[in-house]
Every structure is written in structure tokens, then in C-alpha cells.
Amino acid sequence: MIKLQRGEKPDYLTDEKVKELTERFKANNKDTVWKHPNIHNALLLSSSSKCAFCEGRLQVGASYMEIEHFKPKDKYPSEVVHWTNLLPSCKRCNTSKSTHDVVDEPIINPFDVDPTEHLAQAGCRVYAKTQLGESTKFVLNLNDMLLTRPRYEVWNYVTDKIEEIYHDFSKKTKLTRHDRNKLSKLLVSCQPDHEYSAFASTALHESNEYLSVAIMLKEHNQWDEQMEFLHNESLKLVLDKRKKA
């Protein structure tokens, strides 16, 4: 889970339309008034087509987006189409959260709260730093094997790749633009628009090889503003390592 920036409310959700849709839902709670292409597309855009909770890619294979009502719609019908109450979710996370009341027991809304302040990691599993983190981990079942397995694959990919780059650079007396691009490509895979970017970024920045490779590129004048930008953006996503009791 990473911090997200909510996009602009779609033009479709005018005050009049929100009132109309809300009244329709209150009259018939089986009416899926939130299912509209403009809402759907705006939510996908706001999360880079990823689930807001687990960072799994949406619209791939069977992973079609479901519109999650952060405050459950049956208990809070007046917010059924409030833009700030809607999140893009995968079916697994939407099912896990179900009708959980976030007012009675708050969980992280990544559009409002930075998950790095409340969650930590170890062994591709999520751990809590705070009570809010604990509730989020439990309610969303964030250590489900369906999540830990792809995180592990991403972690291994990043770790193997940075070790390969380090081994390659260590044999050279001069690094070129071509060499710089190898690390740039890996940094791109750790950006917020990529799947499981919190774990990809954490794997990279925990690596001693990454620090060494960055130093090598700087010494050979191959570290530029774009590299610094990619480095800093990925650094924002890093999860602290779990502190053992």
C-alpha cells in the first residue's frame, strides 16, 4: 500500500447528479448507481490502475476493478456516490473489507493517510507500527498468500537485478550512458505506477549493492536529475523493517 493522490472529481458527479443518484439508492439499495464509466475511469487514473489497498494491477485478466465504498454504502447511504468515499479495489480486497465500518474501527485510506507511517515489512509480509496499521492489516488480510507470493516475486526480481548490475559495474573501469540506463530501468520498476511498488522500492533501498552502484555512477558523472528524481520518488515508498519485540 502506498500514499495516493485523489484525482479531480469527474464532471459527471455534479451536485444535482449526486443528489439524484443518492435518492435512487435510498429508494432501492440494489441499484448500483456508482457504476458509471466516468467514475470508473477517474478512479483507475487516480491509482495508476492498481488496487488502492494491495497495489495489485487492475483490468488484467480476472482482476477487474470494483468500486469500494470506504464507508459502507448500506450504513452510510448518503455517501454512496461521494467522490471522497470511493476507492478503486480488486475483488480480493473489496471482499476482505466487506461491510467493515471504518468509523467504528478506522483503517488506512491511502488517499488520506501515508501507509508508511503505520505499516512495516519483513519477509514480504506486512506488519503494523500502529493500531491503525494493525486494524488495516487484519481487516484487509494483507498477508494473504495471494499477496505475499507476488510481493516475493517482485522482491526477488529487484534483488537479483541490482546484484547483476553491481557485478557488471564492478568489472568496468568506465561507466557509460548505457550502464546508467540499466539502473534507470530498474528504478522505473520501483515507481508508484508499478505493481507492488512499496515492496519493490524497499527491496532496492535495503540493498547494499544499490548504494554502491549509485556511488559508482556518480563518480563517473552518470547520475543526473532524472536518476535523482527516480531515486527520491522510490524512496518515499519504502516501508520500515519490522522491529522485533
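Nothing in this text is a laboratory measurement; each read-out follows from the coordinates by a stated rule. All values reported here derive from a predicted model rather than from experimental measurement. Every residue, glycine among them, receives a Cβ derived from its backbone with ideal geometry; neighbour counts consider all protein chains shown.
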- Considering only Cα-Cα distances, which of the following residue pairs are longer than 25 Å: K174/K236; K26/K97; K50/K236; K185/K243; K30/K97; K17/K73? K174/K236; K185/K243
- Task: Take the eigenvalues of the Cα gyration tensor for the range 145-241, scale each by 5, and report the square roots as semi-axes in whole Å, largest first.
- Result: 24, 14, 10
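Explain nothing, just the number: dipole magnitude of the chain about its Cα centre with +1 on each Lys and Arg Cβ and -1 on each Asp and Glu Cβ, in debye rounded to the nearest 20. Don't skip to the end; give the middle numbers.
On the way: 36 positive and 36 negative charges, 105 e Å.
Dipole magnitude for the chain comes out near 500 debye.
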- Message: Students often forget the sequence filter, so: which lysines lie under 16 Å Cα-Cα from K172 once same-chain residues fewer than 8 apart are removed?
- Response: K182, K218
- Item | Per-peptide average of other Cβ atoms within 10 Å, ordering 141-151, 180-190 highest first | 180-190, 141-151
- Query: From Cα coordinates alone, what are the radius of gyration and Dmax values for the chain in angstrom?
  - Reply: 20.5, 73
- Total charge dipole magnitude, the range 1-139, about the Cα centre, Cβ charges on Lys, Arg, Asp, Glu only, Debye to nearest 20: 460 debye
- The FRET efficiency for E228 and E153, from their Cβ-Cβ distance with R0 = 41 Å and rounded to 0.05, is 0.90
- Query: What's the center-to-center distance, using Cα atoms, between the range 127-179 and the range 1-66 in Å?
  - Reply: 29 Å
- Message: Per 0.36 nm of contour for each residue apart, how much would the distance between N29 and K9 grow if the chain were fully extended, relative to their Cα-Cα spacing?
- Response: 4.9 nm
- Diffusion coefficient in µm²/s returned for the range 104-186 by Stokes-Einstein, Kirkwood Rh over C-alpha pairs, 37 °C and 0.692 mPa s, is 213 µm²/s
- Query: Taking amide hydrogens as modeled 1.01 Å from N in the peptide plane, which residues meet the under 5 Å criterion relative to A128, leaving out close sequence neighbours?
  - Reply: A120
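What are the semi-axes of the equivalent ellipsoid of the range 15-105, taken as the square roots of 5 times the eigenvalues of the Cα gyration tensor, listed largest first and rounded to whole Å?
In descending order, the three semi-axes are 22, 16, 11 Å.
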- Item | At R0 = 22 Å, FRET efficiency that the Cβ-Cβ distance of L44 and N143 yields, to 0.05 | 0.30
